[in-house]
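Q: This is the structure, below, for whatever I ask next.
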Amino acid sequence: MEATCDNCGDLTRIKYQRNEYPRGLQETYFKCESCDKKFSCFVTDGKVRKMQKDIRKEKDTLVRYNMQTEISTRMKELKRKVNRGI
């Protein structure tokens with residue numbers, strides 16, 4: 001998989017890496033091969049990972065939608081925390 005870097009404009013291969021932070025936070029990111037800029041893809045915690053596991057078992061589409069909305073909201077909050085340096 002490849003992406004165009006928002007920083008330098010070069011095409012770069014996406015090689016996912018992971019950082020672990022206190023309180024069980026995990027960040028998945030990649031770095032541009034040309035300029036080394038870090039791009040945070042998503043951040044999870046134990047609660048998000050449990051909800052992701054639960055959503056796979058859920059059959060009701062509306063319940064799944066609501067769960068996914070909650071997961072997305074929480075992941076955005078966690079990403080902001082990590083980008084601010086927790």
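Q: Thr44 fails exactly one of the following numbered conditions: (1) surrounded by 14 or more Cβ atoms within 10 Å (Cβ to Cβ); (2) out of contact with any helix residue (DSSP H, G or I) (no Cβ under 7 Å at 6 or more places or on another chain). What is the number of that condition?
A: Only one criterion in (1) surrounded by 14 or more Cβ atoms within 10 Å (Cβ to Cβ); (2) out of contact with any helix residue (DSSP H, G or I) (no Cβ under 7 Å at 6 or more places or on another chain) is unmet by Thr44, namely (2).
Q: Sticking with this structure for a sec: Looking only at segment 49-86, count how many residues are open to solvent by less than 50 Å² (accessible area, probe 1.4 Å), modelled with pLDDT of 95 or more and within 29 Å of Thr12 (Cα to Cα).
A: 4
Q: While we're looking at this one, here's another question. I want to confirm something. Restricting to segment 18-41 and keeping residues that are within 14 Å of the chain's Cα centre (by Cα) and open to solvent by 80 Å² or more (accessible area, probe 1.4 Å), which single residue is nearest to Arg84 (Cα to Cα)?
A: That would be Glu20.
Q: Further question: Would you tally the residues in segment 27-86 being hydroxyl-bearing (Ser, Thr, Tyr) and touching a residue at least 40 places away in the same chain (Cβ under 8 Å)? Working first, answer last.
A: If we filter segment 27-86 for residues that are hydroxyl-bearing (Ser, Thr, Tyr), which is where we start, we get 28-29, 34, 40, 44, 61, 65, 69, 72-73.
From what is left, the residues that are touching a residue at least 40 places away in the same chain (Cβ under 8 Å) are 40.
The total comes to 1.
Q: In the list Ser34, Ser40, which residue meets the criterion of being touching a strand residue (DSSP E or B) at 6+ places or on another chain (Cβ under 8 Å), closer than 19 Å to Glu2 by Cβ, of a type in the set (Gly, Ala, Ser) and modelled with pLDDT of 95 or more? Give the steps one after another, and end with the answer.
A: Details: Ser40 fails: modelled with pLDDT of 95 or more.
Testing whether each residue is touching a strand residue (DSSP E or B) at 6+ places or on another chain (Cβ under 8 Å), closer than 19 Å to Glu2 by Cβ, of a type in the set (Gly, Ala, Ser) and modelled with pLDDT of 95 or more leaves just Ser34.
The values are calculated or read from the model by the stated rules, or taken from the named source; none is laboratory data. As the structure is a computational prediction, the values presented were derived from the model and not from experiment. Neighbour counts are summed over all protein chains in view; Cβ atoms, including those assigned to glycine, are modelled from backbone coordinates with ideal geometry. Surface areas here come from the heavy atoms of the whole protein model, side chains and all, with no ligands, DNA or RNA. Shrake-Rupley method; radii C 1.70, N 1.55, O 1.52, S 1.80 Å.
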